[in-house]
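The values are calculated or read from the model by the stated rules, or taken from the named source; none is laboratory data. On a predicted model such as this, the values are computed, not experimentally measured, just so you know. Note that we place each Cβ from the backbone using ideal geometry, even for glycine, and neighbour counts take in every protein chain shown.
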Amino acid sequence: MDEYTSYDAVGLAELVRTDQVSPAELLDAALLRAEKVNPQLNAIVADVEPPSSAAENQPFRGVPFLIKDLHQDLAGYPTPGGCRALANTPATTTSTVVQRWIDAGLVVFGKTNTPEFGAKGITESDLYGPARNPWNTDHTPGGSSGGAAAAVAAGIVPAAGASDGGGSIRIPASACGLFGLKPSRGLIPAGPERAEGLGGTATDGVISRSVRDTAALLDVLVGPTDDAPYLAAQPAGRFLDEIGREPGRLRVAVCTASAINPDPHPEAVAAAQNAATLLAELGHDVVELEQQPVDDAALAADFLTTWFVACAQAVEDVKRATGAGDAGFEPDTLLMAAIGRATSPVVFARAIERRHEHTRRLAAFHASTDLLLTPTTAMPPPRIGFFDIPAPLRAGQKAFLATRTAGLLRHTGIVDRLIRENLGWVPYTQLANLTGRPAMTVPLHSTPDGLPIGVQFVGRLGAEPTLLRLAAQLETAAPWADRRPALVG
């Protein structure tokens, strides 16, 4: 087991290619590892009979893999996305990204935990219960790809499918000491059931231990489909070939300020400052910013406005498809959906239109600066239950829902409170989603008590090669592969 967990996905694939190990032996190792640690983590919430796909030239033939239980469909299996109403509704098609992983030889054997509809930066659904962080099981692995991150950090698989609509690759990767990259808008197909996730703010990807795994797995996913809404500029070559190439001398601006959370945790600030010091030692030009290059408070409000409307649509779609009532959804989801229904078309349209304003401001910043460096999160991974609503407020919430007056909450201070509470610990990640820019989290820091907290880099549109080159440089300068949670053994 120590040998199995010491390899990344590229390494395991090489063992299979050179006949040093068989795909069956790798799957047995992954299943044994899951049997040992998953009861403590609740990372895997559904078993899958691995689809058959075996060819000598598959780049990841025989490598065990997990997909996220949200929009990563496998025909014949439910994809509840943490929602009770969908728990027994099997998917009729296989998502394009899942099929591409299968075609690359990855052996999908399970689905990972996620909050309902991926709506939170933690993974604590009523349907599946909380996923737990391998570094300290009293704490969250983040969300919404929390199950994926927990499984990778615990050594069940070297990399796992994930997705990111507001930070959901980067947040859990940060919380679990892993590498995660959100690709540029339109680079990864979202079909066949959806044209694009959350109006283009969401994309699929992976969480991994090594930079080269993320690069190689992105190579598997990249490429247009006939039903795509538009054609994104394709990379000139393989992302994997960027590993080991010099990134050049980059100009990096570091900023820990946030209008959403004016007082980030000292460890979050230390993570960014230490990363800035390392970058300077590597020969990069580092400057400090006193505020974000965009109005992040306005951006957060626009993000939640569009999310509330999307949540309302999701609830109505599920009700229509399944016949479920309100009992099929969590109260928080129903509250967000009610606020979404109460959002006027003009307010919604303005929030969508302001994405272009945020994008222009970020583009102006990138005209003279290669990368924006921030903490990935504003605090270390919180304890399980940290964001639970107190009983009196929960009772008031139920009263609003019961009387069908929850939509009135948009005209109170509840939206501002939702911004502070839901985005207060993750105020830095939505920028890349609304603007469509690539962003990555790199595991360079841990708190004195051993909880990881990553640093985020946001690049220009199409800057994946630069990000991967820098990440590989940082991986060499400050290796993290040997840092494992005690749960890994």
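Quick notes on this structure:
- Odd one out for residue 174, checked against (1) among the polar types (S, T, N, Q); (2) more than 13 Å from the chain's Cα centre (by Cα); (3) not in a loop (DSSP other than H, G, I, E, B): (2)
- Residue 292, sole failed condition from (1) farther than 21 Å from residue 247 by Cα; (2) modelled with pLDDT of 95 or more; (3) assigned to a helix (DSSP H, G or I): (3)
- Contact map, segment 147-168: first residue under 9 Å from residue 207 (Cα atoms), second residue assigned to a loop (DSSP other than H, G, I, E, B) and of a type in the set (Val, Ile, Thr), Cβ cut-off under 6 Å, separation 6 or more or different chains; pairs are 162/169.
- The residue that is farthest from residue 31 (Cα to Cα), counting only those in segment 1-14 that are touching a helix residue (DSSP H, G or I) at 6+ places or on another chain (Cβ under 8 Å) and hydrophobic (A, V, I, L, M, F, W, C), is 10.
- Test result for residue 300, at pLDDT 95 or above, buried (at least 21 other Cβ atoms within 10 Å of the Cβ) and out of contact with any Cys (no Cβ under 8 Å at 6 or more places or on another chain): no
- Residues that are of a type in the set (Val, Ile, Thr), closer than 30 Å to residue 350 by Cα and more than 21 Å from the chain's Cα centre (by Cα) within segment 260-312 comprise just one, 294.
- Flag if residue 326 is in contact (Cβ under 8 Å) with a residue 60 or more places away in the chain and among the acidic types (Asp, Glu): yes
- Residues of segment 307-335 satisfying the condition of being under 30 Å from residue 372 (Cα atoms) and either surrounded by fewer than 20 Cβ atoms within 10 Å (Cβ to Cβ) or in contact with a Phe, Trp or Tyr (Cβ under 6 Å, 6 or more places away or on another chain) (or both): 309
- Selection of helices (runs of 4 or more DSSP H) fully inside segment 412-489 by the criterion of at least 1 residues being over 29 Å from residue 263 (Cα atoms) and either at pLDDT 95 or above or among the acidic types (Asp, Glu) (or both) returns 464-477.
Residue-wise test of (1) surrounded by fewer than 21 Cβ atoms within 10 Å (Cβ to Cβ); (2) out of contact with any Lys or Arg (no Cβ under 8 Å at 6 or more places or on another chain); (3) part of a helix (DSSP H, G or I).
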site	(1), (2), (3)
195	yes, yes, no
206	no, yes, no
234	yes, yes, no
238	yes, yes, no
245	yes, no, no
249	yes, yes, no
256	no, yes, no
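- Selection within segment 1-20: residues that are part of a loop (DSSP other than H, G, I, E, B) and surrounded by 18 or more Cβ atoms within 10 Å (Cβ to Cβ). The member of this set that is farthest from the chain's Cα centre (by Cα) is 7.
- Subset of segment 329-375 (residues that are in contact (Cβ under 8 Å) with a residue 24 or more places away in the chain and hydroxyl-bearing (Ser, Thr, Tyr)): 333, 343, 359, 368, 369, 374
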